[in-house]
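The structure under discussion appears below in the form of structure tokens.
Every number in this text was worked out from the coordinates using simple rules, so none of it is lab data. Only a predicted model underlies this, so the values are computations on that prediction, with no experimental measurement involved. Ideal geometry is used to build each Cβ from the backbone, glycine not excepted, and the neighbour counts take in all protein chains shown.
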Amino acid sequence: MSGYRQIEHTADIGIDVEGASLKEFFINAARGMSSLMFLRCGNVPSPCETRHSVSIKAGSKEELLVKWLEEILYLFDVGGRVAIGFEIEEIMEVELRGVITACAFNPEVHALRHQIKAVTYHGLAIKEEGGRFSAIVIFDI
Amino acid sequence: MDALKIQKINDYSWRIPRFGDMRVDGIVFASERIIKDILKDQSLGQVANVATLPGIVRASYAMPDIHWGYGFCIGGVAAFDVQEGVVSPGGVGYDISCGVRLLRTNLTKSDIQEKITGLMRELYCQIPTGVGAKRKDFQLSKYDEKKILEEGARWAVSKGFGTARDLDFIEDGGVFNGADPDAVSTRALERGVNQLGTLGSGNHFLEVSFVDEIYDSVVANALGLFKNQVTIFIHTGSRGLGHQICSDYIGVMLKASQKYGIKLADKQLCSAPIRSPEGESYLSAMAAAANYAMANRQMITHWAIEAFEKFLGLGPKDHGIEIVYDVSHNTAKFEDYMVGGNIKKLLVHRKGATRSLPGQPVLIPGDMGRYSYVLVGTEKAVAESFGSTCHGAGRVMSRGAAKRACRGRDVVRELKDKGITVIGASRETIVEEVSDAYKDVTDVVDVCQEAGISRKVARLWPIGVIKG
């Protein structure tokens, strides 16, 4: 598994995510969500890459994950930017600092697959087993 | 949910008897055929979960287009005592005040049939549908965005997008009372400021259709509908602003649920007492989002009319485009109902359900390849479903399953062969929205008719659809 895979839902869409560490899990979740939103279909270099610092505190690991993924929606809805790279500089149970690299949406390079409205808490429970983290995340579209 | 059982009440309604933490029964409006589909997913479990919330009155209801959602199922209705009950963002949905507007015209199918492709292209140009699509001639200021959150469709009319008459044909007169822009986060405002007047994606659409069947000629006449008449359906909601408000308040309500000791069968049922700071704050933000949604549909209506005028070369007296009605599916409203012999004010959550008051038009879109319906509300709905009925067809197939079912098929060509021209921003979305993925809305509407919670007036058939 590439760290995530798309899963079926009657009305919406989701991903089954895993990672060998909490950091890797959060990065894979972001990559998975981005893959549901965008398809890269051209070889034109990404124009005007920008780096966006993210600093989040939450009440639970699940809320932290939701807020982290919501940054991808925010970048797209507000700035028309496609999140293409994800770094976690520091992550603790309910806090993280990271950077999202984004580029301007370019119809020659990107196809919009799904316009995700929200990251839901539906069935969201981050499991840890043998040091590996996993969860199913459902998105409202 | 192993203890969940269903009992048939009659041919069109079923009971989930109370068990466990349920405070009331669940009641599902469905036929034998539809209940078999419903049993395939978790929606009945969600109906039972809603019944555990404090202050719920009479029953946790579900309409025949029910399918599983977040906390509440889609197609769920639940009313709460204002003093003892709770409000839950999950009972309204992420797309606050997603709704449908129907426009009538003076035109008949034969007036536009040969020109439909050009007309749909013009509509697609005029109404922002794709990613980042915006009208160059419209820029919303932050000041005006806040005014819209308070004034709804009234703001749009005051700026020349429509007429004062329009407001009489929108639920609540086009303005949801109690809105407070200060209850809306900066992030929600940022997401909304560039999206007013846009259709959105997924199951949102603008559809040009014609009236192909009249069931109640008296009501149809009163609504200005006649056979072969061209009509326009618009389905959209509060866009990123509403979605963000819901997300923001789910965070608030998760904490509030702990604070007020509300036991949650599902995190997405997180809630707060209606008469609490958190509850009142959510309701005022929800009202703001509802106003945004009604203004959104008002803007799109204005540009749709411009598209008709430009492409067909007709003026208002010729095309006669007017609003029949505008309804919302995802809201929580304070309404009065008879409970235990007394009139009580309740907070009625409708998530993927339409208000169905006596004499009120009820607009039920089907999928893009099949019919839609105009119905009218009934006294029986007031008595038996807190004035509620279905909202649409309801999905039966995941998007992945829809894509697999369409492998090797040209869905756009199939629709064209049926006389329906589809233009969409995303081919993937068009495939995912194929008719196979939805219940037949006729089955849904017939259950509501037989159950007496709404009554058929007319059927509409699509000839053109634009999708984001």
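Here are the numbers for this structure:
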read-out: For the stretch B:399-468, with +1 on Lys and Arg beta carbons and -1 on Asp and Glu, the positive-most of B:A458, B:V411, B:C448 along the dipole; value: B:V411
read-out: Ordering of B:203-216, B:60-73, B:384-397, A:5-18 by packing [mean C-beta count within 10 Å, highest first]; value: B:60-73, B:384-397, B:203-216, A:5-18
read-out: Sparse-neighbourhood loop sites, trypsin sites (Lys or Arg not before Pro) in the stretch B:181-240 - DSSP loop, at most 13 other Cβ within 10 angstrom; value: none
read-out: Mean-position separation - Cα centroids, the stretch B:89-160 and the stretch B:1-52, in angstrom; value: 37
read-out: Debye intensity ratio in log₁₀ form over the Cα atoms of the protein assembly as shown, taken at each q of 0.05, 0.06, 0.12 Å⁻¹; value: -0.20, -0.28, -1.25
read-out: Sequence-distant residues sharing a close amide H with B:D65 (under 5 Å, placed H); value: B:H391
read-out: Percent of C-alpha pairs per 10 Å bin, the stretch B:346-468, short to long; value: 14, 39, 28, 17, 3, 0
read-out: Chain A: equivalent-ellipsoid semi-axes (sqrt of 5 x gyration tensor eigenvalues, Cα, Å); value: 23, 17, 14
read-out: √(5λ) per eigenvalue of the Cα gyration tensor, the stretch B:189-317, largest first, Å; value: 40, 19, 12
read-out: Cα pair distances exceeding 14 angstrom across the stretch B:176-230, given as percent; value: 73
read-out: Exceeding the 19 Å Cα-Cα cut-off - candidates B:K418/B:K456; B:K36/B:K439; A:K67/B:K142; value: B:K418/B:K456; A:K67/B:K142
read-out: Nonlocal amide H pairs with A:F86, under 5 Å, H built at 1.01 Å; value: A:T101
read-out: Where only alpha carbons of chain B are counted, the Rg and the Dmax (Å); value: 21.0, 64
read-out: ³J(HN,Hα), Karplus 6.51/-1.76/1.60, whole Hz, each residue of the stretch B:107-118, x for Gly, Pro; value: 8, 10, 3, 5, 5, 10, 3, 6, 10, 4, 4, x
read-out: Volume per residue of the C-alpha convex hull in the stretch B:1-96, rounded to whole Å³; value: 86
read-out: Loop sites in the stretch A:107-141: GluC sites (Glu not before Pro), DSSP, at most 14 other Cβ within 10 Å; value: A:E108
read-out: 10 Å Cβ neighbours from other chains, averaged over peptide A:69-81; value: 4
read-out: Cα centroid separation - the stretch A:63-111 against the stretch B:399-417, whole Å; value: 32
read-out: Which listed pairs, of B:K8/B:K403; A:K57/A:K127; B:K109/B:K159, have C-alpha distances above 24 Å, in listed order; value: B:K8/B:K403; B:K109/B:K159
read-out: Ranking of A:K117, B:K36, B:K146 by count of other Cβ atoms within 10 Å, fewest first; value: B:K36, B:K146, A:K117
read-out: Residues B:Q139 and B:L39, FRET efficiency given R0 of 51 Å [Cβ-Cβ distance, rounded to 0.05]; value: 0.55
read-out: Rotationally averaged projected area of the stretch B:159-198 (alpha carbon convex hull; nm²); value: 3.9
read-out: Spatial separation of Cα centroids for the stretch B:171-189 and the stretch B:427-467, in angstrom; value: 30
read-out: Structure-based [θ]222 nm, chain A - -39500 (n - 2.57) summed over DSSP H runs of at least 4, per residue, nearest 500; value: -8500 deg cm²/dmol
read-out: Chain B - mean residue ellipticity at 222 nm from DSSP helices (-39,500 (n - 2.57) per run, n ≥ 4, rounded to 500); value: -10000 deg cm²/dmol
read-out: For the stretch B:287-397: lysine pairs under 30 Å (alpha-carbon distance), excluding those fewer than 8 apart on one chain; value: 7
read-out: Within 10 Å of each Cβ in A:119-132, the average number of Cβ atoms from other chains; value: 3
read-out: Rounded to whole Hz, the Karplus (6.51, -1.76, 1.60) HN-Hα couplings of the stretch B:310-324, x for glycine and proline; value: 5, 6, 8, x, 10, x, x, 5, 7, 7, x, 6, 9, 6, 7
read-out: Phi-based couplings in Hz for the stretch B:343-358 (Karplus 6.51, -1.76, 1.60; Gly and Pro marked x); value: 7, 10, 7, 10, 9, 9, 8, 10, 10, x, 8, 10, 4, 9, 8, x
read-out: Within 10 Å of each Cβ in B:397-405, the average number of Cβ atoms from other chains; value: 3
